[in-house]
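Peer 1: Here's a structure for you.
The values are calculated or read from the model by the stated rules, or taken from the named source; none is laboratory data. Please read all numbers here as calculations on a predicted model, not as lab measurements. Virtual Cβ from ideal backbone geometry, glycine too; neighbours counted across all protein chains shown. Remember, those area values only see protein heavy atoms, side chains included, never the ligands or the DNA or RNA. Shrake-Rupley method; radii C 1.70, N 1.55, O 1.52, S 1.80 Å.
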Amino acid sequence: MAFKHSIISRLTLLFFFSFLLSGMASPPLHVGGLAPDFELENREGKLFKSSDLKNKTVILNFWATWCVPCIKEMPELIKAYASFKDNDVEIIAINFAEARSKVEEFVDTHQLKFPVLLDTYGDVAQDYRVRSLPVTYFISADGILRDSVFGGITQELIQNKLKQLDQAVIK
């Protein structure tokens, strides 16, 4: 069984790196531009539409179960979700190209309460020009991409970014 998981992990990494190389010519997303819309399945197989998040600030996190910084930041996202879930702030975690069973095991083990979506083929990651994991995008309630953080994130950093986002929207 360990051999099977080892092969799957290596294939996932190979897919990820080939995906990264294919998108190297794409410029990063423009801060201040519209965030790309998407539709993805959640863990239960139901369709989730980003258009349903209108009028909410969105923290969009791309991650994978094999990504060590992703694993380290999950407790921070959990704390942030508990702090902001009643304030029209939504945290959405998009898993990069892994099997539903692997994602479900991770979500159960880490007790994630925020929505976890499956980007099975990496299409949404490509639309967001993800080049490394983890990466977190901050999207204002009007659908504008306001900021991004490449690498691990903390609850304190999230709070600071949300304050900056409020100031940017008010001006």
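Peer 1: What tally of residues in segment 125-153 results from selecting those that are out of contact with any Asp or Glu (no Cβ under 8 Å at 6 or more places or on another chain), of a type in the set (A, V, I, L, M) and touching a residue at least 60 places away in the same chain (Cβ under 8 Å)?
Peer 2: 6
Peer 1: While we're on this one: Within segment 96-151, which strands (runs of 3 or more DSSP E) (wholly inside it) include 1 or more residues that are open to solvent by 10 Å² or more (accessible area, probe 1.4 Å) and among the charged types (D, E, K, R)?
Peer 2: 145-150
Peer 1: Kindly indicate whether any position in segment 89-101 is touching a Leu at 6+ places or on another chain (Cβ under 7 Å), under 23 Å from Lys49 (Cα atoms) and of a type in the set (S, T, N, Q).
Peer 2: Yes, segment 89-101 contains at least one residue that is touching a Leu at 6+ places or on another chain (Cβ under 7 Å), under 23 Å from Lys49 (Cα atoms) and of a type in the set (S, T, N, Q).
Peer 1: Same structure, new question: Pull out all pairs, ordered by first then second residue, where Cβ-Cβ is under 7 Å, the residues are six or more apart or on different chains, the first lies in segment 97-124 and is more than 15 Å from Leu60 (Cα to Cα) and at pLDDT 95 or above, and the second is open to solvent by 20 Å² or more (accessible area, probe 1.4 Å) and among the basic types (Lys, Arg).
Peer 2: Close Cβ pairs satisfying both conditions: Arg100/Arg43; Val103/Arg43; Glu104/Arg43; Val107/Arg43.
Peer 1: Mind counting the residues in segment 62-115 that are small (Gly, Ala, Ser) and more than 15 Å from the chain's Cα centre (by Cα)?
Peer 2: 4
Peer 1: Since Arg131 meets every condition but one in (1) charged (D, E, K, R); (2) in contact with a Lys or Arg (Cβ under 6 Å, 6 or more places away or on another chain); (3) under 14 Å from Ala64 (Cα atoms), which condition does it not meet?
Peer 2: (2)
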